[in-house]
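The values are calculated or read from the model by the stated rules, or taken from the named source; none is laboratory data. Since we're looking at a predicted model, the values are computed, not measured. Cβ atoms come from the backbone with ideal geometry, glycine included; neighbour counts cover every protein chain shown. For accessibility, only protein heavy atoms count, side chains too; no ligands or nucleic acids. Shrake-Rupley method; radii C 1.70, N 1.55, O 1.52, S 1.80 Å.
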Amino acid sequence: MSTPGTHDELDVLVIGAGFSGLYQLYRLRKLGYSVKIFEAAPDLGGVWYWNCYPGARCDTYGPLYQFSMEELWQDWDFDELYPSWDKIREYFHYVDGKLELSKHICFNTRVSDASFNEDTCRWNVNAESGHTASAKFMVMCTGIGSKPYRPDIPGLADFKGRLLHTAQWPQEGIDLGDQRIGVIGTGATGVQVAQETAPIAAHLTVFQRTPNMALPMRQQQLDDAAKAALKENLPEKYAKRARTLAGYDFDYQDYAGESAEIYSSEQVQEVFEKLWTEGGFVPWLGNFADMYTSEKTNRAAYDFWRDKVRERITDPCLQEKLAPTEPPHPYGVKRISLEQSYYEIFNQDNVDLVDLKETPIERITGPGVLTTDGQTHELDVLILATGFDMVTGGLTAIDIRGTDGVSLREKWSAGVSAYLGTMTHGFPNMLFVYGPQAPAGLSNGPSSSELHGDEIIEALEHLRTHGMSRIESTAEADRRWRDRIDDYAAETLFGQANSWYMSANIPGKKAQMINYPIGIPDYLEQWAIAKASGFDGFDLR
Ligand code: NA7
């Protein structure tokens with residue numbers, strides 16, 4: 001219940017009821033902590049509550065897109081290899097039924113502000129609903145995509161049709177049949193909306209600024225035999241997540257290997273073909289490891305992708321726009337998406353692509369989108385698939401004040417530094433899971449929720465067993481962590497794309513690598529090193 005005047009005294013307040021938050025609640029409760037979740041939405045699921053736009057679907061295959069606890073996976077099956085948003089929601093309800101999580105979740109409880117009281121060593125937290133809490137620890141599970149980004153395009157308010165952001169989609173859904181639809185953005189979301197709406201729209205206009213180097217999903221409908229096969233060796237697969245760069249049950253070691261440079265170009269093409277046949281993220285995460293550092297390997301991977309995609313598009317002009325001869329940025333350093341029919345939709349008469357590099361949007365008008373060539377693209381529905389203030393947006397949306405009264409928003413306006421992707425100096429007892437400078441956006445979500453989540457629980461347990469109540473990263477440790485990330489990013493091709501990985505998707509946001517890019521094994525190793533030396537880099541009291 002979240003009503004004005006309700007107050008909770010807690011050991012741990014968790015903010016957010018997606019994978020990370022639910023895992024914290026499940027584990028901390030078992031360990032005997034008094035813990036609750038404050039959740040802004042009326043239901044479970046985090047991003048999967050808000051993102052119910054047509055075609056919303058997960059880019060990780062089902063067995064790896066769930067919790068690893070046997071009590072959960074043994075009785076659960078998705079009916080498609082890559083589950084849709086509504087099935088993922090169903091999964092969350094199934095988890096809730098098994099673990100009885102909801103009774104410790106306050107829904108419709110959006111946290112507005114939180115401040116640390118040094119005297120009591122507690123966080124005082126206020127929600128917009130009037131619900132308050134005081135907690136020893138605040139564990140932030142706000143996810144990486146909880147603050148939608150609406151670009152400041154002139155005239156947006158003038159549009160006479162229906163204007164929607166994909167992450168604020170009406171829960172009751174809307175009928176897009178026979179509508180003239182415009183989609184701005186071709187990230188993971190834009191690709192999904194476009195391929196889902198093209199078959200039903202009267203007309204679809206896709207406004208593309210940067211082409212997506214999307215890969216074939218190779219979706220499968222699963223019968224009983226296929227479902228049973230996916231459960232084989234699941235515990236081993238879950239264990240393997242800690243040993244792969246992005247928390248999957250495979251990576252480059254299982255497919256391509258370290259470097260393409262030791263092979264002939266024919267051999268490299270053979271490897272690419274093999275990866276392509278597998279589909280999903282395999283041609284990305286299973287590709288040669290030096291794809292991120294070697295311009296030559298990267299270009300070969302891009303050319304292979306480009307030629308495969310072009311085979312599916314009939315118009316040479318569209319081939320060049322969707323899969324250009326010269327790469328707009330290196331392959332794989334901007335989030336790659338999975339698609340099912342994305343390239344074929346552009347062969348339909350009712351689908352147009354507007355290349356915003358050639359003809360940028362001048363303004364939105366009553367009837368539609370006016371581009372600089374003087375053309376008005378008339379629309380009934382304009383869909384902003386323009387993404388999020390990724391990784392930090394959900395945190396900086398809350399007015400969080402630490403020991404010196406400075407807000408997290410102000411502190412991070414000059415750039416993020418968060419030791420082990422978990423704490424930032426000046427904000428004791430506030431820990432981030434799946435957040436800034438953690439593997440987060442470069443990792444499978446449920447994997448990080450558990451692996452990173454376990455480290456946080458271990459830290460809290462360490463405090464408890466040693467009779468301590470306060471943990472804070474040192475400014476020096478924050479700095480070292482940020483430098484480690486910056487140095488690594490500088491050695492790779494990541495900086496050559498305007499991606500949300502580099503915080504480059506939000507105008508004015510400090511450009512920096514916002515995730516931990518060195519992979520999960522190294523990340524866990526850094527935790528192990530810190531723990532072995534009594535939580536080096538943290539001030540414990
Ligand atoms: P993304 O990946 O940030 O994509 C946003 C898209 O919107 C991208 O194509 C942008 O073009 C485009 N965009 C943003 N602002 C504008 C303006 N002003 N004009 C035209 N186009 C614009 O968000 P998604 O929701 O697709 O995915 C986010 C993550 O969620 C995804 O990576 C998964 O991890 C799940 P750009 O590429 O910047 O040129």
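The figure for Lys136 is an accessible area of roughly 80 square angstrom, using a 1.4 Å probe on the protein chains alone. P(r) tail for the chain: Cα pairs beyond 43 Å make up 17% of the total. Only protein heavy atoms count here; under a 1.4 Å probe, Glu326 has an accessible surface of about 110 Å². Under 5 Å between amide hydrogens, built in the peptide plane, is the criterion, and for Gly46 it picks out Ala17, Gly18 among residues at least 5 positions away or on other chains.
Peptide packing for 366-377, 339-350 was compared via the average number of neighbouring C-beta atoms within 10 Å per residue; ordered from the highest value, the list is 339-350, 366-377.
Among the listed pairs Lys321/Lys510; Lys98/Lys227; Lys30/Lys237; Lys36/Lys237; Lys87/Lys147, those with a Cα-Cα distance over 27 Å are Lys321/Lys510; Lys36/Lys237. Rounded to the nearest Hz, the phi-derived 3J(HN,Hα) couplings of the stretch 365-376 under the Karplus curve 6.51 cos²θ - 1.76 cosθ + 1.60 (θ = phi - 60°) are 10, x, x, x, 10, 9, 9, 5, 7, x, 8, 9, where x marks glycine and proline. Averaged per residue, the chain has 39 square angstrom of accessible surface, using a 1.4 angstrom probe with ligands and nucleic acids left out. Kindly list the residues of the stretch 468-490 that lie in the label zone of Leu540, defined by a backbone N under 11 Å from the point 7 Å along the Cα-to-C-beta vector. Of the residues in the stretch 468-490, 468-472 have backbone N under 11 Å from the label point off Leu540. Over the stretch 1-136, Cα pairs under 8 Å with separation of 6+ residues give a relative contact order of 35 percent.
Over the chain, what is the relative contact order in percent, taking alpha-carbon pairs closer than 8 angstrom and at least six residues apart? Can you show the working numbers first?
Details: 1111 pairs, mean separation 104.1, N = 541.
Rounded, it is 19 percent for the chain.
Label-to-label distance, His7 versus Lys98, with points set 7 angstrom from Cα along the beta-carbon direction: 3.8 nm. What shape does the stretch 255-404 have by the C-alpha gyration tensor, where a ≥ b ≥ c are the square roots of the eigenvalues, rounded means a/c under 1.5, and otherwise prolate means a/b greater than b/c and oblate the rest? Oblate, since a/c reaches 1.5 and b/c is not below a/b.
Scan the stretch 122-210 for GluC sites (Glu not before Pro) in coil per DSSP, keeping those whose Cβ has at most 15 other Cβ atoms within 10 Å, and list them by number. If you can, show how the numbers build up before the last one.
On the way: sites: Glu128, Glu172, Glu196; in loops: Glu128, Glu172.
When the GluC sites (Glu not before Pro) of the stretch 122-210 are filtered for loop state and at most 15 Cβ neighbours within 10 Å, Glu128, Glu172 remain.
Overall shape: oblate for the stretch 201-283, with the ratio a/c of the largest to smallest alpha carbon gyration tensor axis at 1.5 or above and b/c at least equal to a/b. To put it simply, the accessible area of the stretch 141-191 at a 1.4 Å probe is 47 percent carbon and sulfur. Each helix, a run of at least 4 DSSP H residues, gives -39500 (n - 2.57); summed and divided by the residues of the chain, these come to -8500 deg cm²/dmol at 222 nm.
The stretch 280-344 and the stretch 21-52 have their alpha-carbon centroids 37 Å apart.
Taking every DSSP beta bridge that has both residues in the stretch 83-207, what percent is antiparallel when rounded to the nearest 5?
On the way: 10 of 15 bridges.
If I count the DSSP bridges inside the stretch 83-207, around 65 percent turn out antiparallel.
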